[in-house]
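What follows is calculated from the coordinates using simple rules that are stated; it is not laboratory data. What you see is a predicted model; the values in this text were computed from it and never measured. With ideal geometry, Cβ positions are generated from the backbone for all residues, glycine too; neighbour counts draw on all protein chains shown.
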Amino acid sequence: MPGSWPLARRSQALAQRGAIFTRVRMFFQEKGYLEVETPFRIPAPAPEAQIDAIPSDGWFLQTSPELCMKRLLAAGYPRIFQICRCWRDGERGTRHLSEFTMLEWYRAQADYRVLMDETEEMVRAAAAADSITYRGGKIDLSVPWERISVRDAFLRHTDTTAEAALAAGNFDELMVDKIEPMLGMGRPTFLYDYPASCSALARLKADDPTVAERFELYMGGLEIANAFSELIDPVEQRARFEAEAAERARNDKRGYPMPEKFLAALAEMPEAAGIALGLDRMVMVLLDAQSIDEVVAFTTEEL
């Protein structure tokens with residue numbers, strides 16, 4: 001049938017995707033992680049200013065399993081991972097899907113630098129190769145990968161500083177237009193130490209509280225993952241959530257209930273680090289696909 005052709009032509013990509021997922025699961029099982037499942041439909045997502053949840057009969061489809069997984073950490077689960085569906089309103093393009101597959105993992109008694117090392121190991125295991133080709137360029141996966149701070153990236157790739165860009169209100173624009181396309185070319189790049197105001201759930205650096213212990217992973221100019229040392233102070237977390245909620249209100253965005261059960265559990269959470277990695281995007285890079293549509297069974301438009 002003509003309508004089945006787009007589905008049939010993805011068969012090789014979907015077989016490779018399945019093999020990548022198997023290698024990812026084996027990596028975490030061998031590292032002593034417990035695979036968990038948490039609900040997709042939740043009463044209150046994290047009130048982040050830039051991420052919009054999709055309503056579902058009075059609750060919301062999760063934008064991330066983060067809050068539930070952190071509650072498991074607080075309950076005494078030291079190493080957990082999850083591969084799950086997530087939803088974000090208004091996200092669609094060659095690199096975006098409004099419904100997508102996320103890999104998240106959390107590790108107690110670790111910080112964001114430990115996760116950088118572990119992310120290198122995981123992606124190499126998923127790729128099962130020392131190098132890949134993406135959009136005509138070779139990406140060397142041998143370690144260590146490039147690590148550059150946000151401050152240094154602004155100095156290298158723009159004519160301003162990160163602090164000045166924040167004050168001028170064009171930080172995100174410069175990140176997207178000038179910095180991100182230059183990252184992860186030749187080898188993957190960790191962009192780390194984001195401004196505190198850009199890191200609603202991350203711990204601030206003890207020796208420089210103007211920045212947070214947060215990193216993003218880039219491969220071939222594409223953001224693959226976002227990670228940080230976790231903020232575990234419930235008072236500070238509530239204040240940050242209230243600031244994010246106020247920003248949403250200023251931008252006439254939907255308000256969310258405060259995630260009270262998460263905030264209550266936060267007092268019991270150990271020192272930890274966590275990471276959210278877009279599996280569809282990682283597969284897209286590993287398979288040298290031009291569009292994210294090529295590595296999923298169905299797009300929204302095909303339903």
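Neighbour counts of other Cβ atoms within 10 Å put 280, 233 in the fewest-to-most order 233, 280. When the inverse distances between all different Cα atoms of segment 70-217 are averaged and flipped, the Kirkwood radius reads 17.4 angstrom. Sequence-ordered 3J(HN,Hα) estimates for segment 161-169 from the Karplus curve with 6.51, -1.76 and 1.60 and θ = phi - 60° stand at 9, 4, 5, 5, 5, 4, 5, 7, x Hz, glycine and proline given as x.
Taking other C-beta atoms within 10 Å as the exposure proxy, 215, 298, 100 rank 298, 100, 215 from fewest upward. Please compute the Cα-Cα pair-distance distribution of segment 160-303 with 5 Å bins starting at 0, giving whole percents from short to long. Cα pair-distance distribution for segment 160-303, in percent: 2, 8, 13, 16, 18, 16, 14, 9, 3, 0, 0. Looking at the chain alone, DSSP beta bridges between its own residues are antiparallel in about 90 percent of cases. Cross-link pairs exceeding 30 Å in C-alpha to C-alpha distance, out of 138/205; 31/253; 205/261; 70/205; 31/70; 178/261, comprise 138/205; 31/253; 178/261.
Report summary: the helix-based calculation at 222 nm, which adds -39500 (n - 2.57) for every DSSP H run with n ≥ 4 and divides by the residues of the chain, gives -9500 deg cm²/dmol. Cα extents for the chain along the principal axes, largest to smallest and rounded to whole angstrom: 55, 47, 41.
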